[in-house]
């Protein structure tokens, strides 16, 4: 480690104090939103962020910017997003055992254009590399937790386009990823087309449906419906097939890459939208400029089924939606109908099945908002088998989050989003709801035990989404 006479280093009786600064420099691809970070590879093959000592009279922010420009050989000054914090640690350099204490001021930066980077000379560095975020998580040497925190800050605080009025919005992409959705997707499309009639009067619409490795006739059904709808100059309908990895995350990344609109809306293939749902979501983004993601409120549809056994379980397993027996309103992001500004789309991990709504929750909460006036209708499960599948999907998704978020963020979200049962509210319910809820909690308890046993013995559980007709 080389020191300069101008470095901010103080000597005390029992240790040497160092002040240092550096940062995480991100580049977000304009077309895909794939996130990359600039890292330096040392001569002993370690990947590190650019950083170095403060010089005398230099502020931490100025030092971090200078070190980043020098060590990456940048031609432009990166945009400061926000300070991450101060990382402190002790180390020794030689056999004397002298303790060195270092405070490293860390910042988060963005480059609008992906510059060529190369390492500064005489710094013990072999290369400077742009590495995609997931790859950096697996290979960065010292700063994995800080890298996760930096990603959080980048998405949370980066500048986005603010719309002051609905007339400021010129285009909207509505995306439906579908897998074997032939029984439900036509109803979803029909509810959307009704609203497109009004929306297309003042903005252009991209309506993209991506068929994800279907084994049924979804593609043919959608193609025929699109043909029967005729043309609308303001609505561009696109039907495509996913040729990449199977899964909703992969499909959404694919759709986003070909989309061009200012607003991006994701809709599941087994819901029905109430008229004006999309308009209400758009208005919410205008009224709440700090919101990064808004989502529709939902209502449970009655089960169109003559089987009394299915009717019974539909009632029992869905009773929590009807009575909401908790101490506070839910702030959990619901995935069936999400809307973002284009800049707020997050490139999703696509190497495994993934709960994208949980992922978005942890990225953006509390800058997420449920829009009560935007209503979608859904079918809740009507069998313990389907309930188990959804329960294990959510539980495994919760485990997956440990890979993609800092411990501090996970603890914060789990603590603040947790809802307790409100027993006073439950005791005041009519008996039919009390008994139904008691049965539901009994089922939930035993299903949770089975799921915990299953996941404890299978660390790489593979789940698939289920669909309600």
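Compute the distribution of all C-alpha to C-alpha distances in segment 9-68, in bins of 10 Å from 0, and list the percent of pairs in each, rounded to whole numbers.
Result, from short to long distances: 20, 33, 32, 11, 4, 1 percent.
Debye calculation, C-alpha points only, no solvent: report log10 I(q)/I(0) for segment 320-469 at q = 0.21 Å⁻¹, in the same order as the q values.
The calculated log intensity ratios at q = 0.21 Å⁻¹ are -1.71.
Which value in Å does the Kirkwood hydrodynamic radius of segment 274-383 take, with 1/r averaged over all unlike C-alpha pairs and then inverted?
15.6 Å is the Kirkwood radius here.
Please rank 427, 391, fewest neighbouring Cβ atoms within 10 Å first, as an exposure proxy.
427, 391
Which value in deg cm²/dmol, rounded to the nearest 500, describes the helix-derived mean residue ellipticity at 222 nm for the chain, given -39,500 (n - 2.57) per DSSP H run of n ≥ 4 and division by the residue count?
The per-residue figure over the chain is -11500 deg cm²/dmol.
If neighbour count is taken as other Cβ atoms inside 10 Å, put 332, 81 in order from fewest to most.
Final ranking by Cβ density, sparse to dense: 332, 81.
Please work out the Cα center distance from segment 271-334 to segment 147-163, rounded to the nearest Å.
28
Can you work out the PRE-style zone for residue 323? Point 7 Å along Cα to Cβ, and I want the residues of segment 416-439 with backbone N under 11 Å.
Output list for this probe position: 422-439.
Give the percent of DSSP beta bridges with both residues in the chain that are antiparallel, rounded to the nearest 5.
50
Between 0 and 90 degrees, rounded to the nearest ten: what's the tilt of helix 407-417 against the longest Cα principal axis of the chain?
30
Pairs of Cα atoms under 8 Å, at least six residues apart: use those to get the relative contact order of the chain, whole percent.
Value for the chain: 14 percent.
What are the equivalent ellipsoid semi-axes of the chain, built from the alpha-carbon gyration tensor (square roots of five times its eigenvalues), in whole angstrom, biggest first?
46, 28, 20
Going by alpha carbons, how many degrees (0 to 90, nearest 10) lie between the helix axis of 60-72 and the longest principal axis of the chain?
Roughly 90 degrees, rounded to the nearest 10.
What Kirkwood Rh does segment 11-157 have if only Cα atoms enter the pairwise 1/r average? Answer in Å.
For segment 11-157, the Kirkwood estimate is 15.8 Å.
A short reminder: the numbers here are calculations on the coordinates, not readings from a lab. Predicted model only: the values in this text are computed from it and were never measured. Glycine gets a Cβ as well: all are built from the backbone with ideal geometry, and neighbour counts include every protein chain shown.
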